[in-house]
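This report refers to the structure that appears directly beneath it.
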Amino acid sequence: LSATALQDFLNGFASSGSILLGNPRRDVDINQFAGYFQDDWRITKRVILNIGLRYEYQPPITETNNLFGNFDPNSPTGLVQVGKQVSEPYHGDHNNFAPRLGVAWDVTGKGTTVVRAGAGIVYTTLPLISLISTPQGAQLGGIPTGFKLVQPNGSTLTSPGTISLGTLSLNNSQIPWAVNTPVFNTAAGALSCGNGLVATAPGTGTNPPPCAIHGIDPNIKYGYVTTWTLGIQHAFTANLTLNLAYVGNHGSDLPGTIDLNQPTLGAKGTAAEQARRPYTLSGQFPYMAQITTYTSNQRSNYNGLQANLTQRVTHGMFFSLGYTWAHSLDVQSTDGGQNVSPSVMNSLQPGLDYGNSSWDIRHHLSLAGTYLVPGHKSPGQMLEGWQINSSVTI
């Protein structure tokens, strides 16, 4: 108990250690297609209408050797692989129509006061990194379809696929120093999933630890943001202009992660938590730990009043004064971290995380000014074209 780290090392007692088994290479193909039309229509001399429609489609990601899998509760093992049980890891979203509408009204007909309004829809995409590697997304190339799946009694299920990519750990065991003896047991079947407990059948030993996976909702939708604005612009002089605008947007079906196998409340500890997981309690997939699922379950809202007073260059001076009063809310912001999974505190009620965004700034005041220094003829124009710039942001 009082041994130093060096003494533990010399005695072969490892505090930690791991080795990656399998080939992590994936030959991935991902595409995105879009088309749109737009037209400006002058209804009257003082009213212009802008209309447009955009359509986007992103087919499901593919892998040359079908080394992509997913979680499916309707599968006998809970795991499926492309080219075996399914033809694609998830279904495409075919309804991504994005209309846009805008109108500009010259109130007086002199161009000094203009009212503008507009609305539209903008879709997100499924980033490549969110499908193959990030903790805040899916890891389709690492679904353990080729692992040995061990039941509580020590018996095994037939592996549903061929994806055998995982990490083996020493688990605080003693390093075998014998000649020609590997430190890690990398024999066939070393990559396995179990409940981590002593098998219920006598003499079969302790089952391997449960496996945590990162899948994707097979019916995932692509998130979209609905935007709208109403503003008025007035020119006091040819060089002094005031802009007032209300800007709002609402995000729907935004991406996030939840744990489909979230344990009920109770005592801490791996074994205790595993016993309270839904798929362990049901006996359906007792070898599964956290089932992180990339899905479209989040939302956001932004409302802001924006004001800007601008003076163009007169007597060598230019300035812009801006003020924004706004409020931003969402389910998950950057404070959630990029390595936190799932992305919400309670996967059963992700809406409870809805609140002020990390970047929620209620008041924003900015002032910028530029002075064009009078120039003088000089060799190489060294005394011409100089400016003095200053800006303040509060």
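Calculate the translational D of segment 102-231 in whole µm² s⁻¹ from Stokes-Einstein, where the hydrodynamic radius comes from the Kirkwood formula applied to all Cα pairs, the temperature is 4 °C and the viscosity 1.567 mPa s.
65
Write down Rg/Rh for the chain, rounded to two decimals, with Rg from the C-alpha atoms and Rh from the Kirkwood relation over Cα pairs. Mind showing how you got there, number by number?
Values: Rg = 30.0 Å, Rh = 26.3 Å.
Using only Cα positions, Rg/Rh for the chain is 1.14.
If the limit is 29 Å between Cα atoms, which of 84/221; 148/268; 84/268 go over it? Don't skip to the end; give the middle numbers.
On the way: 84/221 24 Å; 148/268 27 Å; 84/268 38 Å.
Among 84/221; 148/268; 84/268, the Cα-Cα distance tops 29 Å for 84/268.
Pull out the extension gain between residue 25 and residue 246, defined as 0.36 nm times the separation in residues minus the alpha carbon to alpha carbon distance; nm, one decimal.
Working: separation 221, 0.36 × 221 = 79.56 nm, distance 4.89 nm.
This chain segment gains 74.7 nm when fully extended.
Given contacts defined as C-alpha pairs under 8 Å and at least six residues apart, what's the relative contact order of segment 1-128, whole-number percent?
Contact order relative to length: 21 percent.
Where a Cα-Cα gap under 16 Å defines reach, which lysines qualify for residue 110, not counting those fewer than 8 residues away within the same chain?
Cα-Cα hits under 16 Å: 45.
Hey, what number do you get for the chain at 222 nm if only DSSP H runs of n ≥ 4 count, each worth -39500 (n - 2.57), divided across all residues, to the nearest 500? Provide the component values of the computation, followed by the final result.
Working: 4 runs with 21 residues, N = 394.
Only helices count here, giving -1000 deg cm²/dmol.
Of the candidates 320, 16, 75, which one comes out as most mobile in a Gaussian network treatment of the chain with C-alpha springs shorter than 10 Å?
16
Show me 210-217, 279-286 ranked by packing, highest mean number of other Cβ atoms within 10 Å first.
Values: 210-217: 23.5, 279-286: 16.6.
Put in order of decreasing packing, that is 210-217, 279-286.
Please state the shape class of segment 189-309: rounded when a/c is under 1.5, otherwise prolate if a/b exceeds b/c and oblate if not, all from the C-alpha gyration tensor. Before the final figure, lay out the partial values.
Details: a/c = 5.05, a/b = 4.33, b/c = 1.17.
Here segment 189-309 falls in the prolate category.
Expected output is a single nm value to one decimal: the length gained when fully extending between residue 110 and residue 237, i.e. 0.36 nm times separation in residues minus the C-alpha distance. What is it?
On the way: separation 127, 0.36 × 127 = 45.72 nm, distance 1.22 nm.
Between residue 110 and residue 237, full extension yields an extra 44.5 nm.
Report the extension gain between residue 387 and residue 187 in nm, rounded to one decimal, defined as 0.36 nm multiplied by the number of residues separating them, less their alpha carbon distance. Provide the component values of the computation, followed by the final result.
On the way: separation 200, 0.36 × 200 = 72.00 nm, distance 7.12 nm.
Separation in residues times 0.36 nm, less the Cα-Cα distance, equals 64.9 nm.
Just need the relative contact order of the chain here, percent rounded to a whole number, with Cα pairs under 8 Å and 6+ apart. If you can, show how the numbers build up before the last one.
On the way: 949 pairs, mean separation 52.2, N = 394.
The normalised contact order for the chain reaches 13 percent.
Which residue fluctuates most in the GNM of the chain (Cα springs below 10 Å): 326, 187, 307?
Maximum among the listed residues: 187.
Projected area of segment 251-394, taken from the Cα convex hull and averaged over every viewing direction, in nm²?
On the way: hull surface 59.4 nm².
One quarter of the hull surface, i.e. the mean projection, equals 14.9 nm².
Under a 1.4 Å probe, what is the accessible area of segment 22-145 per residue, stated in Å²?
On the way: 6750 Å² over 124 residues.
For segment 22-145, the solvent-accessible area averages 54 Å² per residue.
Which of 277, 42, 116 moves most in a GNM of the chain, Cα contacts under 10 Å?
Of 277, 42, 116, the most mobile in the Gaussian network model is 42.
The values are calculated or read from the model by the stated rules, or taken from the named source; none is laboratory data. All values reported here derive from a predicted model rather than from experimental measurement. When we count neighbours, we look across all protein chains shown, and the Cβ atoms used for this are built from the backbone with ideal geometry, even at glycine. To get the accessible areas, we keep the full protein, side chains included, count just its heavy atoms, and leave off ligands, DNA and RNA. Shrake-Rupley method; radii C 1.70, N 1.55, O 1.52, S 1.80 Å.
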